[in-house]
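Please read the structure below before turning to the comments.
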Amino acid sequence: MATISEKTEDRSMYDQREKALRDHEWRLAAAREEGEKIGEARGEAKGEARGVVLGRIQILQSILSMTVSSEAALRDATTEQLIEIEADLQRIARARGQA
């Protein structure tokens, strides 16, 4: 039969393990929440930058008397492709300005 001190020691070890598990779960949840916040901020920044490029493309198309692409028409393009489109339109605008 276990003595009172053995039971107390077992209980203490159990309590310590439970506390360690709760602390670990809390740290994981806090890290997950922080990761989500960082991800949201990055996503918002990317979306804003993409929107700025879309706007510039539409303005350049308008200035060049081209058909202005809708956001829906440009939605599937990657950000890199949009930047390329913008650069092409800027080249056209510069060429027209020199003529």
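Values for this structure:
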{"quantity": "Cα-based reach from Lys19 at 16 Å (exclusive), listing aspartates and glutamates while leaving out same-chain residues under 8 positions away", "calculated": "Glu9, Asp10"}
{"quantity": "Contour excess over end-to-end distance, with Cα ends at Gln81 and Ala20 and 0.36 nm allotted per residue", "calculated": "17.0 nm"}
{"quantity": "Cubic angstrom per residue, convex hull over Cα atoms of region 52-93", "calculated": "54 Å³"}
{"quantity": "Region 47-93, relative contact order in percent, only Cα pairs under 8 angstrom and at least six apart counted", "calculated": "46 percent"}
{"quantity": "Net length gained if the chain between Lys46 and Gln61 were fully extended (0.36 nm per residue, minus Cα distance)", "calculated": "3.1 nm"}
{"quantity": "Estimated 222 nm signal from helices in the chain, with DSSP H stretches of n ≥ 4 weighted -39500 (n - 2.57), rounded to 500", "calculated": "-30500 deg cm²/dmol"}
{"quantity": "Share of alpha-carbon pairs per 10 Å distance bin for the chain, given as whole %", "calculated": "13, 24, 15, 11, 10, 9, 8, 6, 4, 1, 0"}
{"quantity": "Exposure of Lys7 as accessible area (Å², to 10), given a probe of 1.4 Å and all protein chains", "calculated": "120 Å²"}
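The values are calculated or read from the model by the stated rules, or taken from the named source; none is laboratory data. What you see is a predicted model; the values in this text were computed from it and never measured. Calculation scope for accessible area: heavy atoms of the full protein, side chains included, ligands and nucleic acids excluded. Shrake-Rupley method; radii C 1.70, N 1.55, O 1.52, S 1.80 Å.
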